[in-house]
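What follows is a short report on a single structure.
The values are calculated or read from the model by the stated rules, or taken from the named source; none is laboratory data. Not measured: the values here are computed from a predicted model. FYI the Cβ positions are ideal-geometry reconstructions off the backbone, even for glycines, and counts take in every protein chain you see. Ligands, DNA and RNA are stripped out before the accessible areas are found, and what is left, the full protein with its side chains, is counted by its heavy atoms. Shrake-Rupley method; radii C 1.70, N 1.55, O 1.52, S 1.80 Å.
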Amino acid sequence: MDQDREPVTGKESSTAPATPGAPGEQVVSDPVHIRALAHPVRLELLAYLDDAGSATATQCATVIGESVASCSYHLRMLARHGYIEQVEQPGREKPWRPVSRHRSHVIDPAQPGSAHAVSAMAALEVERQAVRIQDWLHRSPGLPPEDLDVSTVYEARTYATHEEIRQLREEVWNLTRRFEGRWEDPGQRPEGAVPVRLFSVLNIDPGQE
């Protein structure tokens, strides 16, 4: 798969308005809720729940390397701000699950601090993804040739109007949506399918204007 161009997740997160009609999209515009996500542990917990579907605080702690008490606290904060919910089932410790695995964080000009909140959250996510990509690059010499052949790191530069940029953003989103559902449902994966991740950034470069 050659998009962005590096190893597409079954989830979707962006810092721009969602495509109208995107199924199950959680659109977050309240800067208070967005700032609540601007924490490395909460981003890691939400990412793990996106992958796992649901998990208890103990399971989260084992995977992300935090204490159970710390995970419990941050999971409650994620729930308070509408990102996750608790699964009602028998037992003392109940698992948590994402409200949606598809979410967009929207800058609302009418909300003071909105742009700062989105930027702070996105900066932490970029840092988290950079660590993941660096880990992949360090391990890449030992990966099978067929894995490396379909992976790439890619950069493109051009000039475009705002309308053309919006159109490109929509096209990228639609490219990934053709694989929607495969992360959560193994029955939708064709034979030979392997886990793939895509992380992309599309931005206007003010230094070149």
Original post:
If you go through segment 82-99, how many residues are under 23 Å from Ser29 (Cβ atoms) and open to solvent by 40 Å² or more (accessible area, probe 1.4 Å)?
Top reply: 3
**OP:** Considering each residue of segment 56-88, count those that are under 14 Å from Leu37 (Cα atoms), in a loop (DSSP other than H, G, I, E, B) and among the hydrophobic types (A, V, I, L, M, F, W, C), and give that number.
**Re:** 0
Original post:
What residue, of Asp50, Asp4, is in contact with a strand residue (DSSP E or B) (Cβ under 7 Å, 6 or more places away or on another chain) and modelled with pLDDT under 95?
Top reply: Asp50
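Report whether or not Leu124 is exposed (fewer than 14 other Cβ atoms within 10 Å of the Cβ), on the phi < 0 side of the Ramachandran plot and of a type outside the set (D, E, K, R).
On the way: exposed (fewer than 14 other Cβ atoms within 10 Å of the Cβ): no; on the phi < 0 side of the Ramachandran plot: yes; of a type outside the set (D, E, K, R): yes.
When the stated conditions are applied, Leu124 does not pass them.
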Original post:
What about Val153, is it open to solvent by 80 Å² or more (accessible area, probe 1.4 Å) and farther than 30 Å from Asp30 by Cβ?
Top reply: yes
Original post:
Is segment 134-144 home to any residue that is open to solvent by 70 Å² or more (accessible area, probe 1.4 Å), within 21 Å of Ala47 (Cα to Cα) and assigned to a loop (DSSP other than H, G, I, E, B)?
Top reply: no
Original post:
So, of the residues in segment 100-114 that are more than 12 Å from the chain's Cα centre (by Cα) and surrounded by 15 or more Cβ atoms within 10 Å (Cβ to Cβ), which turns out to be nearest to Leu49 (Cα to Cα)?
Top reply: Val106
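Would you call Thr158 part of a loop (DSSP other than H, G, I, E, B) and exposed (fewer than 12 other Cβ atoms within 10 Å of the Cβ)? Please lay out each step first, then the result.
Details: part of a loop (DSSP other than H, G, I, E, B): yes; exposed (fewer than 12 other Cβ atoms within 10 Å of the Cβ): yes.
So Thr158 fits the description; yes.
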Original post:
Checking Gly91 against (1) among the small types (Gly, Ala, Ser); (2) part of a helix (DSSP H, G or I); (3) farther than 18 Å from Val126 by Cβ; (4) out of contact with any strand residue (DSSP E or B) (no Cβ under 8 Å at 6 or more places or on another chain), which single condition isn't satisfied?
Top reply: (2)
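Evaluate the following for Leu75: is it in contact with a Phe, Trp or Tyr (Cβ under 9 Å, 6 or more places away or on another chain), surrounded by 18 or more Cβ atoms within 10 Å (Cβ to Cβ) and closer than 18 Å to Met121 by Cα? It would help to see each step written out before you state the result.
On the way: in contact with a Phe, Trp or Tyr (Cβ under 9 Å, 6 or more places away or on another chain): yes; surrounded by 18 or more Cβ atoms within 10 Å (Cβ to Cβ): yes; closer than 18 Å to Met121 by Cα: yes.
Yes: the conditions hold for Leu75.
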